[in-house]
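**Student:** Before I ask anything, let me first share the structure, which is written out below as structure tokens.
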Amino acid sequence: MENSTIRKSKVWSPEKIDEIQEKAELGRYRIRGQATKRQDLPSFDDLVFTPAGLSRVALEGYREKCDTQVVIGAGRVKRPLVLETPIMVAGMSFGAINSNAKKALGIAATRCGISTCTGDGGMHPVEREASEKLVYQLLPSRYGLNPYDLKRADAVEIVVSQGAKPGTGGTLLGQKVSEEVANMRDLPLGVDQRSPCRHPDWMGPDDLGVKIDQVRIATNYEVPVFIKIGAGRVYDDTKLAAKAGADAIVIDGMEGGTAASPEIQLDHTGIPTIAAVVEAAEALHEIGMKDEIKLIIGGGISNGADAAKAIALGADVVYIGTAMLVALNCNKSLYVEDYEALGTVPSACHHCHTGKCPVGIATQDPALMARLNPEEAADRVENYINSITMEMQIFARSCGKSKVTDLDPTDLRSLTMSATMITGVPIVGMGTTRKPYWANYDHSTEMTEMALR
Amino acid sequence: MEAVKAHMTIDCNEVSQKDLNKIIADSAKQGIKEVLIKNPQAKHNLGVGITDPIHIVYEGDVGYYACSLSDHISAVVHGTAGWAIGENLMNGEIVVEGNAASSTAASMRGGTVVVKGSSGARTGIGLKGGTLIVGGNVGYMTGFMMQKGRMIICGNAGKALGDSMYAGTIYVAGDIAELGNGAEIVELPAEEYEEIRSTMEGYGMKAPASFKKIVCNGMLHNFNKKEFGVWKTVL
Ligand SMILES: Cc1cc2nc3c(=O)[nH]c(=O)nc-3n(C[C@H](O)[C@H](O)[C@H](O)COP(=O)(O)O)c2cc1C
Ligand code: SF4
């Protein structure tokens with residue numbers, strides 16, 4: 001049959017038909033890893049940098065320094081977190097990924113002078129050893145939480161929610177609850193773990209303030225305390241987190257990655273990262289805390305352009321999960337037959353939830369894990385982090401900034417009306433005044449009117 | 001060498017909350033056996049993150065998070081306790097002579113917490129080990145997502161008792177307003193009753209004549225599309 005004559009419906013696309021039929025089989029919503037696959041979200045690609053010319057002087061790459069260091073908690077805690085480049089490895093639980101992946105991320109982050117984060121499920125000893133700077137997550141589930149690990153952390157992140165599933169708890173399907181994961185989380189072996197969406201011991205922002213005090217006491221006021229929130233009502237949430245006493249606020253946009261979330265939620269909840277950073281920065285400016293409280297932004301950051309644009313819009317640091325896994329080998333064209341067995345292909349895999357990761361990252365199966373060599377993987381992640389750092393520096397230097405975090409919204413122009421509406425950045429061609437040069441020309445229609453008379 | 005004092009007293013009217021916690025932690029490290037906290041006035045975070053053995057006596061009411069994120073401690077509260085007393089306790093023993101507010105012993109991992117009065121909503125929520133004894137009633141969502149350990153409740157229990165529990169055991173002597181999803185009542189063996197009775201006796205408490213034993217029925221352990229009625233309320 002001649003394919004070109006077959007008309008496909010936009011309403012009943014092949015993807016929708018597939019989705020309905022899968023649900024007809026499953027009897028529940030689809031759960032999967034990675035992130036939203038929506039193609040229509042506004043993104044940092046809608047912005048471009050406006051480099052220096054005559055109005056500003058660019059920096060000489062080979063001899064003029066472009067600083068990348070960021071310090072979180074300076075003047076607020078005894079042991080602020082120093083990041084040599086404004087990047088953090090996002091929290092990814094031991095359980096979602098395995099100890100080889102944790103080790104590789106830790107080695108790479110340590111070499112680059114940045115932090116990793118435990119994610120849910122407790123502090124794995126391998127990760128603590130590999131990561132010089134380790135952020136310890138305190139989540140509603142409290143899996144593996146204990147005062148000793150709290151004291152061994154370099155920062156504590158109280159998780160309210162994630163960009164991939166704001167307003168819901170975590171999921172770890174039974175196939176990933178191995179003996180080690182079950183022991184660390186105090187769970188029965190192989191159980192489909194659903195974790196709660198609310199903390200067990202505080203409800204609102206006032207309680208959260210008391211909770212932060214508690215964490216500060218338990219850590220001897222030494223390390224910064226972050227609050228992580230999936231992007232939703234960002235403007236209000238940011239103000240409330242600041243009032244509760246956070247040293248840094250992590251906002252995770254709707255593009256944020258996951259090891260397992262309901263697909264319907266990935267695609268239909270939260271707000272995109274580009275919008276989230278603007279709202280959060282606005283809120284901190286408004287309460288006069290923009291310099292003191294650091295803003296960490298995550299969700300779909302893949303290169304130095306995304307990172308530098310997020311920083312120009314007000315972030316101090318970017319928080320990267322999925323791209324770190326990709327640098328480890330996620331979605332690489334290796335063991336192709338194993339991708340096919342999962343019903344996918346390299347570059348389209350989102351099967352972290354299955355525990356059958358073809359490249360040995362999101363799995364606890366020893367045979368699959370052996371496919372990830374932590375030392376080699378660490379080299380790749382280190383190279384990737386260094387590349388993004390250099391890319392950020394390119395933008396900062398070309399805009400005449402001697403510090404990456406000095407990038408600001410005036411260094412940007414927007415390519416689309418929607419990005420202009422979201423960020424307030426002028427659209428290209430409109431200059432800084434947002435008025436065309438011919439705005440004051442005589443627009444009189446007198447001649448036409450006379451002729452028509 | 002100067003002999004280590006066995007006891008010390010701290011008056012909350014005279015020291016800040018920050019200093020108070022440091023004094024308790026340092027005293028425990030130095031081997032001081034007992035600290036008396038005068039005038040706690042329901043202040044929050046009194047006795048947090050203490051990981052060396054010490055006995056703490058609170059001469060009055062305490063606020064949120066007393067004796068939380070701690071290990072090896074023992075404590076008595078001569079009054080009532082605010083939210084989350086004994087939260088994430090690793091091991092040790094805490095006795096509250098009066099009532100406790102919500103989230104008592106949330107995510108506790110070991111040791112024993114005893115509330116001689118009643119305890120509010122979310123008592124023993126996310127319990128990961130140890131024993132929690134409540135002399136009176138408990139509120140809504142008690143034992144929600146409990147993972148291990150046991151809870152002994154001498155009075156009545158509110159709605160959603162043991163909802164989504166993974167494992168562990170809850171004993172209730174009084175009425176249960178409503179069992180949570182995935183929880184079921186099973187027969188209580190005589191030797192288990194005897195164990196409860198003697199544990200309570202150790203705290204000067206008289207066990208009620210009988211208990212209902214509640215455990216996880218396993219229905220929520222792995223998703224089953226044939227059990228939609230249950231899953232729709234929890235997933
Ligand atoms: C495999 C995986 C596991 C994750 N586990 C956690 C977790 O345990 N806790 C958490 O707060 N966020 C978790 N996240 C979300 C990340 O911390 C981060 O918010 C997100 O990955 C940022 O978006 P990106 O992946 O596009 O960089 C996870 C993400 C991935 C990809
Ligand atoms: S390759 Fe592995 S880590 Fe990457 S999406 Fe697939 S299962 Fe997840």
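**Student:** Would you confirm whether any residue within the range A:289-296 is among the acidic types (Asp, Glu), away from ligand 2 (no atom under 16 Å from the Cβ) and more than 17 Å from residue A:68 (Cα to Cα)?
**Tutor:** Looking only at the range A:289-296, we keep the residues that are among the acidic types (Asp, Glu), and these are A:291-292.
Now drop any that are not away from ligand 2 (no atom under 16 Å from the Cβ), which leaves A:291-292.
Still in the running and more than 17 Å from residue A:68 (Cα to Cα): A:292.
The answer is yes, given that some residue of the range A:289-296 is among the acidic types (Asp, Glu), away from ligand 2 (no atom under 16 Å from the Cβ) and more than 17 Å from residue A:68 (Cα to Cα).
**Student:** Looking at residue B:94 and the list (1) within 9 Å of the chain's Cα centre (by Cα); (2) part of a loop (DSSP other than H, G, I, E, B), which single condition is not satisfied?
**Tutor:** If we test residue B:94 against (1) within 9 Å of the chain's Cα centre (by Cα); (2) part of a loop (DSSP other than H, G, I, E, B), just (2) comes out false.
**Student:** Considering only residues that are part of a strand (DSSP E or B) and of a type outside the set (Phe, Trp, Tyr), look in the range B:156-181 and name the one that is nearest to the other protein chains (Cβ to nearest Cβ). I'd like the intermediate steps shown before the answer.
**Tutor:** Within the range B:156-181, the subset part of a strand (DSSP E or B) is B:157, B:161, B:169-172, B:176, B:179.
This time we only want the ones that are of a type outside the set (Phe, Trp, Tyr), so: B:157, B:161, B:169-170, B:172, B:176, B:179.
On the way: B:157: 17, B:161: 16, B:169: 14, B:170: 16, B:172: 20, B:176: 21, B:179: 18 Å.
Taking the candidates together, the pick is B:169.
**Student:** Scan the range A:181-197 residue by residue and report those that are within 17 Å of residue A:145 (Cβ to Cβ) and acidic (Asp, Glu).
**Tutor:** A:186
**Student:** How many of the residues in the range A:278-313 are under 15 Å from the mean Cα position of the chain (by Cα) and at positive phi?
**Tutor:** 2
**Student:** Moving on. Among the residues in the range B:151-162, are any open to solvent by 60 Å² or more (accessible area, probe 1.4 Å) and under 21 Å from the mean Cα position of the chain (by Cα)? Explain how you work it out, then say what you get.
**Tutor:** Here is the first cut: in the range B:151-162, the residues open to solvent by 60 Å² or more (accessible area, probe 1.4 Å) are B:156, B:159.
Narrowing the set further to residues that are under 21 Å from the mean Cα position of the chain (by Cα) leaves B:156, B:159.
Scanning the range B:151-162, I find at least one residue that is open to solvent by 60 Å² or more (accessible area, probe 1.4 Å) and under 21 Å from the mean Cα position of the chain (by Cα), so the answer is yes.
**Student:** Next question. Among the numbered criteria (1) within 16 Å of ligand 2 (Cβ to nearest atom); (2) touching a strand residue (DSSP E or B) at 6+ places or on another chain (Cβ under 8 Å); (3) in a helix (DSSP H, G or I), which one does residue A:260 miss?
**Tutor:** The number of the failed condition is (3).
**Student:** Of all helices (runs of 4 or more DSSP H) completely enclosed by the range A:303-387, which ones contain at least 2 residues that are away from ligand 1 (no atom under 12 Å from the Cβ) and of a type outside the set (D, E, K, R)? Reasoning before the result, please.
**Tutor:** On the way: elements: A:304-312, A:322-328, A:336-341, A:366-369.
It comes to A:304-312, A:336-341, A:366-369.
**Student:** So residue B:228 ticks every box in (1) open to solvent by less than 50 Å² (accessible area, probe 1.4 Å); (2) within 11 Å of another protein chain (Cβ to nearest Cβ); (3) of a type in the set (A, V, I, L, M, F, W, C); (4) farther than 24 Å from residue B:115 by Cα but one. Which box is left unticked?
**Tutor:** Condition not satisfied by residue B:228: (1).
**Student:** Among B:129, B:124, B:110, B:86, which is the only one that is in a strand (DSSP E or B), within 11 Å of chain A (Cβ to nearest Cβ) and either closer than 29 Å to residue B:39 by Cβ or within 14 Å of the chain's Cα centre (by Cα) (or both)? Don't jump to the end; show me each part of the working.
**Tutor:** Numbers: B:124 fails: in a strand (DSSP E or B); B:110 fails: in a strand (DSSP E or B); B:86 fails: in a strand (DSSP E or B).
It is B:129.
**Student:** Then there is this: Find the helices (runs of 4 or more DSSP H) located wholly in the range A:67-176 whose residues include 2 or more that are open to solvent by less than 10 Å² (accessible area, probe 1.4 Å) and within 14 Å of chain B (Cβ to nearest Cβ), and list them.
**Tutor:** On the way: elements: A:99-112, A:125-130, A:147-151.
In the range A:67-176, the matching helices (runs of 4 or more DSSP H) lie at A:147-151.
**Student:** If you check B:78, B:72, which single one turns out to be open to solvent by 10 Å² or more (accessible area, probe 1.4 Å), touching a strand residue (DSSP E or B) at 6+ places or on another chain (Cβ under 6 Å) and not assigned by TED's automatic domain parsing to the domain that holds residue B:196? Before you say what the answer is, go through the steps one by one.
**Tutor:** Numbers: B:78 fails: touching a strand residue (DSSP E or B) at 6+ places or on another chain (Cβ under 6 Å).
Of B:78, B:72, the one residue that is open to solvent by 10 Å² or more (accessible area, probe 1.4 Å), touching a strand residue (DSSP E or B) at 6+ places or on another chain (Cβ under 6 Å) and not assigned by TED's automatic domain parsing to the domain that holds residue B:196 is B:72.
The values are calculated or read from the model by the stated rules, or taken from the named source; none is laboratory data. All of these numbers come straight from a predicted model, not from anything done at the bench. Because the Cβ atoms are built from the backbone with ideal geometry, glycine has one as well, and the counts that use them run over all protein chains shown. Each accessible area value is taken on the protein alone, full model and side chains, heavy atoms only, with ligands, DNA and RNA left out. Shrake-Rupley method; radii C 1.70, N 1.55, O 1.52, S 1.80 Å.
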